[in-house]
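What follows is calculated from the coordinates using simple rules that are stated; it is not laboratory data. Quick caveat, the model's predicted, so the values are computed rather than measured. No Cβ is skipped: glycine too gets one built from the backbone with ideal geometry, and neighbour counts run over all protein chains shown.
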Amino acid sequence: MLEAIKNVEARMEASGIFDRRIWFREMANSLGIMLSLGEINELVRIYWDSWSLRSKVFPDVIPTLKALKKCGYVIGLITNTDGELGLKRNRINRDGILNLFDVVIIAGDDTEQVKPSPQPFLEALKIINIKGNEAIYVGDKPGSDIPGAKAAGMYTVLIDRYGLLVPDLINPKPDYIIKSLLDLSRLLRHCGDNAY
């Protein structure tokens with residue numbers, strides 16, 4: 001059963017489908033279970049309630065964002081939708097980090113296409129009025145973060161917090177791989193360690 005759920009989740013994400021109602025319907029169908037729309041909606045509510053309780057901002061995020069702001073960097077966030085308009089932005093706001101960004105693009109809410117399309121990346125660049133080669137994109141999902149950022153001309157940094165990624169299997173390759181956002185200080189030499 002767990003394998004069937006993982007397969008559906010991987011297929012939905014690869015297809016750019018983030019609406020959890022579709023995910024739960026597909027999971028139920030793959031297990032031979034018929035669910036009513038009301039049951040699916042209840043599962044989605046439980047899912048997001050549970051996610052909200054256990055979802056936490058990594059400890060390196062806020063200090064890094066504040067340090068980058070202090071050094072004068074323009075900071076953006078490009079993330080895929082949660083499948084329901086406004087839900088992702090509300091989650092980011094609840095985490096207390098929304099105000100640390102100069103631009104926030106929720107791909108699928110703010111743009112027609114989701115990552116890995118370059119459209120959300122290009123939209124962010126347009127809003128902050130810079131070229132791709134003047135931007136660094138940091139992401140944690142090789143398949144959805146790196147291709148779109150590279151297609152938009154950005155430098156790419158992949159964060160591998162748990163050391164689970166196999167660099168030889170990542171295509172396209174990021175420009176850098178780091179283990180923590182705090183490692184950005186060595187990439188951004190003129191900002192320096194004393195900003196943290």
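Okay, here's what the table says:
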item: Fewest-first sequence of D183, D82 by Cβ atoms within 10 Å of each Cβ; result: D183, D82
item: Low-density loop positions, GluC sites (Glu not before Pro), the range 91-146 - DSSP coil, at most 13 other Cβ in 10 Å; result: E112
item: Nitroxide proxy distance, nm - points 7 Å out along Cα→Cβ at M34 and S180; result: 5.4 nm
item: Translational diffusion of the range 113-188, µm² s⁻¹ [Kirkwood Rh, Cα pairs; Stokes-Einstein; 37 °C; 0.692 mPa s]; result: 261 µm²/s
item: Pairs of alpha carbons in the range 2-54 whose separation is greater than 17 Å (percent); result: 37 percent
item: Sites I46 and N99, calculated FRET efficiency, Cβ-Cβ separation with R0 45 Å, nearest 0.05; result: 0.95
item: Taking N as its residue count, the alpha carbon Rg of the range 22-134 over 2.2 N^0.38 Å; result: 1.31
item: 5 angstrom amide H check on L77, placed H, neighbours 5+ away; result: V103, V104, I105
item: I127 paired with V61, simple spin-label distance in nm, labels 7 Å along Cα-to-beta-carbon; result: 1.7 nm
item: Relative contact order, percent, the range 108-196 [alpha-carbon distance under 8 Å, six or more residues apart]; result: 22 percent
item: Distance cut-off 21 Å, percentage of C-alpha pairs in the range 61-195 lying past it; result: 42 percent
item: R11-L85 pseudo-label distance in nm [points 7 Å out on the Cα-to-Cβ vector]; result: 2.9 nm
item: 5 angstrom amide H check on V138, placed H, neighbours 5+ away; result: V157
item: Volume per residue of the C-alpha convex hull in the range 118-161, rounded to whole Å³; result: 56 Å³
item: Residue exposure sequence - K69, K88, K126, K115 - by fewest surrounding Cβ within 10 Å; result: K126, K69, K88, K115
